Amino acid sequence: MAPAPRIRLLSETTSNRIAAGEVVERPAAAVKELVENALDAGARRIAVSLEEGGIGRILVEDDGHGMGAEDLSLALERHATSKLAEEAMLFRIATLGFRGEALPSIGAVSRLTLTSRLVDGTAHAISVEGGRKSAVGPAAGAPGTRVEVRDLFFATPARRAFLRTPRHEAEQAVEAVRRLAMAWPEVAFRVEVEGRKVLDLPPATREGRIAALLGADFAGAAVPLEALRDGVALTGLAGLPTHHTATGAAQHLVVNRRPVRDPLLRTALRVAYRDMVPAKRFPVAALFLDVPPEAVDVNVHPMKTELRFRDAPGVRGLMISALHRALAVGASGAAPEGLATTPALAPWPMRGPAEAPGLEGFAEAAPAFPGWRPPSGPLPQRPRGASLPLGFAPPPPPQPLPDFAEEGPLGRPLGQILDTYVLAEAPDGSLVLVDQHAAHERLTHEALRAQLVEGGVRAQPLLLPAVVELPAGDAARLLDQAPALARLGLEIEGFGGPGAILVRALPALLGAPDPAPLLRDLAAELAEMDEALALEARLDAAVARLACHGSIRAGRRLAGAEMAALLRQMEATPRAATCSHGRPTVLRFGKAELEKLFGRR
């Protein structure tokens, strides 16, 4: 039997190269660390140059404070930093970097030359190759710091072998600079790749920098948001639900001037847009969070792109509620009048069916009961054991339709196309096309949400409970959430076998849907949900499923008053520009677009 290996200390060179693997995983990481050092040094102009994707050469120049000869040598020692004056500051980090590992880590796996000059001093330089330092010597240079990195990972060829093409590595490095530029709009950034300028951003306001990085299209399709709670401030721009992309690359999240990809914040963003953006599409946003330094730990990830908040639920709730308020605009593009914040699931009050202009007429568009309205008083209770036919209690009698002469931003209805789309003429002369099912789905969703905020969705008891057979796993999933579903007006319980569910009541607002498809869809929704989501988020997702089953379908012919009521209610309903699945509910064709289609311009 071979003897047990002895424990020994690694050499300083080897340990530095291992540490470098945590901090510098690719050229983009080296660029990020060097640019962050420049920002912490007070730079107002930063220039980056890349060759061979940063593998061959990285050059970062800044006009920051600079360093003297003594500091140059210390800067290449591990755990040497100017960013922590005392140990207590470790719990109140107010800089981008603080551990003093970037320069020695990069120097351990490359050929690095560091040149720096104080404003009132002379320039000096020092070199390091594979972790071996040279002496500090005089040099020529402007005030500030110049860092040149050549042959990245030459000392660790195994890591270099896992890098991708130079073009891809360059793109990642440019993206790292773009994210830092978003967080520091007052600083000018320039990036060159193979001698070609790919990014040139002069100093700007925050709004100007957002427009420069995300484009004029985003600036025209975004709404501002601002929220403050317990010392945590959130500001920025959130893209309207109709403005989305195929990836999350256009989501910029900044915490205390630090670009992050924190899972908690990304989840909050996803939850806020959950039922407004199509599946596998991503909203666009530039959000800036200011948190007291002692309330956030930035040292939980080697790249410091993930954070730990002292009050994580509070931060998540603030972000979701602020986004909900900002996005609560009607289909006309304006927020419904009287919008204000309320607690719990929906951070805004939504008008109930009887309060929204024109819904009285639209109530007659319910698929099963012409003239149906949500009950306003206490609902009748079905006596247990009563022998009655399967179904719902009969609806109240129809009410006369109101006069819809008043015209709103979506205009007056002209007719219906394919029994699916409502065609209207807006006051500005543009043509408006509304998908009646998608629009009514959103209206039903918001009405259900409003009832939920007020204490619970009103339920309509079945005259005779219905039994629905589901796979055992789906049934168990639904029964586990039975108390939450009861708040949505859906009363269920187990019945005999493992897959049987007894349905005693359904949400009154839905009319009379078949409970089987509804339960199957809800079970699928619960299966896809992240268990870490708060109850409110899970209920909101379930509300979206319920709304789909209670909406008028394509192929149903509407009367003129019903079409007008639909348009008025869309104007008065938050988030009515998209359905609960994120698809658009309304399209506009202006005069210029029509003239272009007909070759008039």
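Every number here is computed from the coordinates shown, using simple stated rules; none is lab data. This structure is a prediction, so every number in the text was calculated from the model and none was measured. Cβ sites come from the backbone with ideal geometry, for glycine too, and all protein chains shown count toward neighbours.
Assorted remarks:
- Using R0 = 30 Å, the C-beta based FRET efficiency linking E425 and T245 works out to 0.40.
- Residues in the range 223-235 carry Karplus couplings, in order, of 10, x, 9, 8, 8, 9, 8, 6, x, 9, 10, 10, 9 Hz; the curve used is 6.51 cos²θ - 1.76 cosθ + 1.60 with θ = phi - 60°, and Gly or Pro positions show x.
- In units of the rule-of-thumb radius 2.2 N^0.38 Å, the range 207-327 shows an alpha carbon radius of gyration of 1.01.
- The order of R601, R179, going from fewest to most other C-beta atoms within 10 Å of their C-beta, is R601, R179.
- Alpha-carbon spread of the range 143-242, three principal axes, descending order, Å: 49, 35, 33
- Length gained on full extension, L118 to D71, computed as 0.36 nm times the residue gap minus the Cα-Cα distance: 15.8 nm.
- Loop-resident chymotrypsin sites (Phe, Trp or Tyr not before Pro) (DSSP state other than H, G, I, E or B) in the range 143-205 with no more than 11 further Cβ atoms inside 10 Å of their Cβ: F162.
- Prolate is the label for the range 152-209, because the ratio a/c of its alpha-carbon gyration tensor axes (a ≥ b ≥ c) is 1.5 or higher and a/b is greater than b/c.
- Among 248-254, 28-34, sorting by the average number of other beta carbon atoms lying within 10 angstrom of each residue, highest first, gives 28-34, 248-254.
- In a fully extended conformation the segment linking R588 and E25 would gain 197.9 nm over its present Cα-Cα distance, using 0.36 nm per residue.
- Ranking of V223, V255, V48 by count of other Cβ atoms within 10 Å, fewest first: V223, V255, V48
- Of the peptides 277-289, 459-471, 583-595, the order by per-residue mean of other Cβ atoms within 10 Å, starting with the highest, comes out as 277-289, 459-471, 583-595.
- Projected label distance in nm at D230 and A142, using a 7 Å step from Cα toward the beta-carbon: 4.7 nm
- In terms of surrounding Cβ atoms within a 10 Å radius of their Cβ, Y421, Y273 rank from fewest to most as Y421, Y273.
- From most to least packed by mean Cβ count within 10 Å, the peptides 195-207, 35-47, 478-490 give 35-47, 478-490, 195-207.
- Sites L597 and L418, calculated FRET efficiency, Cβ-Cβ separation with R0 22 Å, nearest 0.05: 0.70
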